[in-house]
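One structure is given here, and the rest of the page talks about it.
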Amino acid sequence: MQRFETYLEANLPSVETFHPHYNEALSAMLLAGGKRFRPMLLLSVVEAYEPLLFESALAPALALEFLHTYSLIHDDLPAMDDAPLRRGFETLHVTYDDATAILAGDALNTEAFYHIAKAALRDDVKIKLVELLARDGGTYGMVLGQSIDLHFENIPLSLEQVKVLHRNKTAKLIATSLLMGAVIVGLEKSKQEALYAFGIDLGLLFQIQDDIIDETHTEEEAGKTTGNDGDKNSFVNLIGLEKTVEEAEALAKHLEEEFVQFDDALQKGLGDIVGKYLYRHR
């Protein structure tokens, strides 16, 4: 984790400009902290199989954090969730204005792919990483999920539709974090597919647990705006808190069964970061 944080701080986007707060706006949400869940998944896969590639993998790991952070900045905008707090700090549109937040998000989105392009990896690997991140972080994944989420506010969806929503909005970027790590170390196709499938389920569990936090934690405890899902198709709104907890427990049990099918290297590499989500219900 510290190696990633050091790399992040050394590679914050920065340009020479007379703009009074451009660079600060680009860096603010990155420096505000966060779980670093997605980059840690990628780096854990690389560390498990090819530790010598760890340094080269820091660039795509940071690209994941750039793209994820852009999505949070835009998600918090008045046109979307209108949230004043993120990672324990004011959101960018509150600190500055809507335009600054939109442009900072745009910049971090493109910076993600720029950073992959400059990574010390083979060109064919970098092209595949760009493909995966663009696919699951954009049209066919996160953006689709966000679009469904916003369009169907105040319109109840079925449980399966809510799962489709969150597989796209949240789970696919988590799954592709694992897959990108697998691509970097050259895992065989079957292992890549198994990791991606595991990541989809893990991402769905991550979202269900986030819904529970939104219902049961204060803003100070969560470090972000809570109680803001009243009109949304969250699991809690659809099936209630008790059944949402049961859903989380069942999915965690299923993930445990999937996890023990992985080889020892991967179980050891992912054990710490994945374990706190799998065993949170106990």
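Every read-out reported here was derived from the displayed coordinates using simple, explicitly stated rules and does not represent laboratory data. Note that this is a predicted model, so its numbers are computed, not measured. Don't worry about glycine lacking a Cβ; one is built from the backbone with ideal geometry, like all the others, and counts go over all protein chains shown.
Residues in the range 177-182 carry Karplus couplings, in order, of 5, 5, 5, 4, x, 5 Hz; the curve used is 6.51 cos²θ - 1.76 cosθ + 1.60 with θ = phi - 60°, and Gly or Pro positions show x. Under 5 Å from the amide H of Ala32 lies no amide H of any residue 5 or more positions distant or on a separate chain, with H modelled from the backbone and absent for Pro and chain starts. If the chain linking Ser14 and Glu160 were pulled fully straight, counting 0.36 nm for each residue of separation and taking away their Cα-Cα distance, it would gain 48.3 nm. Rg over Rh for the chain works out to 0.95, using Cα positions for both radii and the Kirkwood form for Rh. Across the chain, the mean sequence separation of Cα contacts (distance under 8 Å, 6 or more residues apart), normalised by length, yields a relative contact order of 20 percent. Across the range 10-55, counting alpha-carbon atoms alone, Rg and Dmax equal 15.1, 45 Å. FRET efficiency for the Ala120 to Lys189 pair, using the beta carbon distance and R₀ = 22 Å, is estimated at 0.35.
For Tyr140, neighbours were defined as the other residues whose beta-carbon sits under 14 Å from its Cβ, and their charges (Lys and Arg +1, Asp and Glu -1) total +2. At an R0 of 22 angstrom, the distance between the Cβ atoms of Asp272 and Glu55 translates into a FRET efficiency of 0.60. Computed from backbone phi with θ = phi - 60° and the Karplus coefficients 6.51, -1.76 and 1.60, the 3J(HN,Hα) list for the range 35-49 is 6, 6, 4, 5, x, 5, 4, 4, 5, 5, 5, 5, 4, 5, 10 Hz; x is used for glycine and proline. In terms of other Cβ atoms within 10 Å, Met1, Met40 run from fewest to most in the order Met1, Met40. Past 25 Å, Cα to Cα: identify those pairs from Lys128/Lys172; Lys118/Lys276; Lys169/Lys232, in the order given. Among Lys128/Lys172; Lys118/Lys276; Lys169/Lys232, the Cα-Cα distance tops 25 Å for Lys118/Lys276.
Exposure proxy shown here: for His21, His166, the number of other Cβ atoms within 10 Å sets the order, fewest to most, as His21, His166. For Thr91, the amide hydrogen comes within under 5 Å of the amide hydrogens of Leu85, Arg86, counting only partners 5 or more places away or on other chains and with H modelled in the peptide plane. In the chain, the calculated helix contribution to ellipticity at 222 nm averages -22500 deg cm²/dmol per residue, counting -39,500 (n - 2.57) for every DSSP H run with n ≥ 4. In percent, rounded to a whole number, the relative contact order of the range 30-104 is 27, using alpha-carbon pairs under 8 Å and six or more apart. Let me know the longest stretch in the chain that avoids all chymotrypsin sites (Phe, Trp or Tyr not before Pro) found in a DSSP loop with at most 13 other C-beta atoms within 10 Å. Here the longest run is 141-278. For the range 118-161, the Cβ-based charge dipole about the Cα centre amounts to some 340 debye (Lys, Arg positive; Asp, Glu negative; other atoms uncharged).
Taking the Cα centre of the range 2-278 as reference, the dipole from Cβ charges on Lys and Arg (+1) and Asp and Glu (-1) amounts to some 840 debye.
Going from the residue with the fewest nearby Cβ atoms within 10 Å to the one with the most, Asp76, Asp211, Asp231 rank Asp231, Asp211, Asp76. Using 0.36 nm per residue and subtracting the Cα-Cα separation, the extra length available between Arg135 and Asp231 on full extension is 31.7 nm.
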